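The values are calculated or read from the model by the stated rules, or taken from the named source; none is laboratory data. This one's a predicted model, so the numbers in the text were calculated from it and none came from an experiment. Note: ideal-geometry Cβ built from the backbone for every residue, glycine included; neighbour counts use all protein chains shown. Surface areas here come from the heavy atoms of the whole protein model, side chains and all, with no ligands, DNA or RNA. Shrake-Rupley method; radii C 1.70, N 1.55, O 1.52, S 1.80 Å.
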Amino acid sequence: MKQKKRRKNYLIILGILVLTAVYGVRVAYVNQDNDKTKIHYVTDDAPVEVQGLEITIEEEKLYETAAFVGEFPSVRRNFQYQGSFFEQHQDEEGLRAIEYILYVKMRFKNVSDELQPIPYNDYHIYGGVSYNNGVNPFLLGDLNQVSGVSLKPGSSYFIMMAYEMNRLSFHPDRYQKLLEQDFSIIVSGYPDICHIRLSHLEPVKADREARDIYENLVSADKSKAPVLPNTRQGIIMDIGETYVTNGVMMTVEDYDIVDNLNDYDYKKLGAAEDDGIPDITHYTRKDGSVKPRRLEKGKGYFVFVTLRCQNTTEAARGFSLSPYLYNYTGKASLEDRYVWLGEQFQHEKYSATYMMEAHGDDTVTVAYHITADPSLPKKLWWDFDKPLYLSFGIMDPGKVDLPKGNPGTGIFLRIK
Amino acid sequence: MFRFEGKRCVRSWGVKGAVLLAVLLAGGHFLGYCVWFLVREQGGIISREDREILEQGAAYIGIYPATLYEGFIGGEGYTFFNQLYYYMIPILAVLPYGASFFQDEDSGYLKYIYSMKKKSRYLLAKYAVTFLSGAVAAALPYALSFAVNALYVPAVIPNEMAQHTNVIDVMSMSEFYYSRPWIYFGVYMAAIMLCGGLLASLALCITYVAKNFFFVLCFPFLFYISIDYILMELGADQYSLSRIINPMNGYVKLHVPIQHVFLELLLLGSISFLVFIAVGIRRERVL
């Protein structure tokens, strides 16, 4: 009896040992590729070659934000409280919390045989072990005056990267000693994760003039707060209704659908503004008619929508002007758009933000190029006898069902 | 006395119940996360789409394998098992030995014990064993899930670029999360154990006024969710027990340093200890 019990105990122990060994082998197998996630750090003293691009760090500075806006006037509107997202939410402190800008000037050289795009939006900054941030695309566009850069083999280009160091995103102790943090920029991902360590960060303090400029930008003037609330998300507005964003009202004044593009008189639209979106003149014939690219005769359309924009506030307002055109089935026009701005708008090339002066009242015309897709059944082509919508705001396309009146989280304005 | 109570605890049906629940939770999470989400939905530790990009020779920033630290019941938020686990903690904690004091009183066994042993020794041993059993039972699914999911998900350090959770620099212990995640989750395991022990000891305290076995069993759960509700109404829900012990709760990590979490748990644990011992020693009437 005792022997039987002892044997049973031995078997149990053996079973446990075997299971433990099997478990250990399996876990070791699952973890065999863990080294691929190790970060490989390189110094900023020498160029580093990654995916056909040779990257050199030419400058690295930690600016006080006031110093940054003082040195780079083109970025000032990104720190303007009036007309900003912060003003909409009465959050002056939120804007002031961006106390530093980490600036890195990177030179890229194409050392491959192919055209190489520069994926600068992917180059996140890492601080210590737990902070990371991407580059602000509006800041990047204003700083560099570019929107998407590709390099031919052998050519080089520099990009100025500006990372906002927001106090609210950092642990307070680490923010106090920001210059001492171990900053690096990721330039390559899994399975060869590579960071360029920024070991020569130079602090740049603001002088008095820069501080004055900065204070003027970030200070709230409560008398200029917008009166109208923004249009809420999850709405389908009817013909004639008004879309409101950041104190600017937009209504559809007119629309025009042109299906014979070869004969369209481009001059009807008046002077066109070259705002950095694909150059309309490239597609304009000598007689002024427009020929969009990829057009097959009789199978393409232009939908021209004229929006009347009114700034109801006492300050210049920035807003995004990139509504998509949707047909009644919920299909969006994803092809080229062309924009003609009235005189009361300001817009810089490659910027996603349009500015309208205080109490401004003017029109903007947006032209949507629609091509019919012969690979789709005809019933899915655009039917211009049916309703058309403009879409503003962010949404999940999967939840939109316009025929059933479901806008998801989008903002739709019916134009037809 | 402690050893005696310990043996009683280990042999109780409640321990088996707690182990079974832990196995079900951990097993359910493995099926829900590893099998259904990773294998079926995503196509593996690295998603199908990401693997196609990698096979083309690109090193795309943002691709990162699933990690065990974000892939076990305490560290992930894709399946509902994380929430289910944290709401089952009071049940898990009380099962092994929480109602034993009530049973001892109800059966008359307590009179016998008090006639043989010093009251304070019994009460201390009872509290210690109940606290420990609650601590272990509460943390068992957490540890089991980690061990089981390690069979499929690699234990790579989480990466901010490919993060599937919401730990940012400003949060408590964020530096550990991205460098030594085993410390991060180990600390939370300690918090869960403290909370489990505290909840189990609440069952001991309520025995003094309870007249029903099931009420004693349910009391820790009722207390747990009541505290949630009361603190929510007071605008202090960042201190609710179910939130402070959950490493996935970003709101708490932003507003409550980990030291405050332990302070709260130790404070509540001390109160339950003092109540149980003080009342127990002074109490003359035994049901």
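Inclusion of B:TYR229 among residues that are at pLDDT 85 or above, farther than 20 Å from A:SER130 by Cβ and surrounded by 15 or more Cβ atoms within 10 Å (Cβ to Cβ) is not warranted. Within segment B:119-149, the residues that satisfy the criterion of being surrounded by fewer than 20 Cβ atoms within 10 Å (Cβ to Cβ) and either of a type in the set (Phe, Trp, Tyr) or farther than 21 Å from B:TYR69 by Cα (or both) are B:LYS119, B:SER120, B:ARG121, B:LEU124, B:ALA125, B:ALA128.
For first residues located in segment A:308-332 and under 16 Å from A:ILE257 (Cβ atoms) and at pLDDT below 75, partners that are crowded, with 16+ Cβ neighbours inside 10 Å and not polar (S, T, N, Q) and lie 6+ apart or on another chain with Cβ distances below 9 Å form the pairs A:LYS331/A:TRP382. Could we say that B:PRO141 is within 7 Å of chain A (Cβ to nearest Cβ) and out of contact with any Gly (no Cβ under 7 Å at 6 or more places or on another chain) here? The answer is no for B:PRO141.
Would you confirm whether or not segment B:123-143 contains a residue that is more than 24 Å from the chain's Cα centre (by Cα) and closer than 30 Å to B:CYS9 by Cα? So far as segment B:123-143 goes, yes, one or more of its residues are more than 24 Å from the chain's Cα centre (by Cα) and closer than 30 Å to B:CYS9 by Cα.
If I filter segment A:134-148 for residues that are touching a helix residue (DSSP H, G or I) at 6+ places or on another chain (Cβ under 8 Å), of a type outside the set (Lys, Arg) and in a strand (DSSP E or B), do I get at least one hit? The answer is no; no qualifying residue exists.
Could you say which residue among A:LEU201, A:LEU228 is away from chain B (no Cβ under 11 Å) and within 22 Å of A:GLY83 (Cα to Cα)? So the residue among A:LEU201, A:LEU228 that is away from chain B (no Cβ under 11 Å) and within 22 Å of A:GLY83 (Cα to Cα) is A:LEU228. Taking segment B:173-186 as the range and being more than 7 Å from chain A (Cβ to nearest Cβ) and either more than 30 Å from A:ALA97 (Cα to Cα) or assigned to a helix (DSSP H, G or I) (or both) as the test, the residues that pass are B:PHE176, B:PRO181, B:TRP182, B:ILE183, B:TYR184, B:PHE185, B:GLY186. Would you mention how many residues in segment B:187-223 are open to solvent by less than 10 Å² (accessible area, probe 1.4 Å), assigned to a helix (DSSP H, G or I) and more than 17 Å from B:ALA139 (Cβ to Cβ)? Here the count works out to 3. Taken over segment B:232-287, the criterion of being closer than 26 Å to B:PRO158 by Cβ, outside any helix (DSSP H, G or I) and among the aliphatic types (A, V, I, L, M) is satisfied by B:ILE245, B:MET248, B:VAL256.
Pairing each residue of segment A:160-177 that is facing another protein chain (nearest Cβ under 9 Å) and part of a strand (DSSP E or B) with any residue that is buried (at least 17 other Cβ atoms within 10 Å of the Cβ) and aliphatic (A, V, I, L, M), provided the two are 6+ apart or on different chains, yields no C-beta distance under 8 Å.
Listed here are the residues, each with its yes/no results for (1) of a type in the set (A, V, I, L, M); (2) within 25 Å of B:PRO247 (Cα to Cα); (3) touching a residue at least 12 places away in the same chain (Cβ under 8 Å).
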residue	(1), (2), (3)
B:ALA66	yes, yes, yes
B:GLN83	no, yes, no
B:ALA99	yes, no, yes
B:ILE113	yes, no, no
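The residue that is farthest from the other protein chains (Cβ to nearest Cβ), among those in segment B:160-172 that are open to solvent by 20 Å² or more (accessible area, probe 1.4 Å) and in contact with a Ser or Thr (Cβ under 9 Å, 6 or more places away or on another chain), is B:HIS164. Selection within segment A:132-142: residues that are in contact with a strand residue (DSSP E or B) (Cβ under 8 Å, 6 or more places away or on another chain) and buried (at least 21 other Cβ atoms within 10 Å of the Cβ). The member of this set that is farthest from the other protein chains (Cβ to nearest Cβ) is A:LEU139. Residues that are among the polar types (S, T, N, Q), open to solvent by 20 Å² or more (accessible area, probe 1.4 Å) and at pLDDT below 75: does segment A:341-354 have at least one? Among the residues of segment A:341-354, at least one is among the polar types (S, T, N, Q), open to solvent by 20 Å² or more (accessible area, probe 1.4 Å) and at pLDDT below 75, which makes the answer yes. Note on segment A:150-168: residues that are of a type in the set (Val, Ile, Thr) and within 15 Å of the chain's Cα centre (by Cα) total 0. Only a single item in (1) open to solvent by 20 Å² or more (accessible area, probe 1.4 Å); (2) in contact with a helix residue (DSSP H, G or I) (Cβ under 9 Å, 6 or more places away or on another chain) is not met by B:ALA278, and it is number (2).
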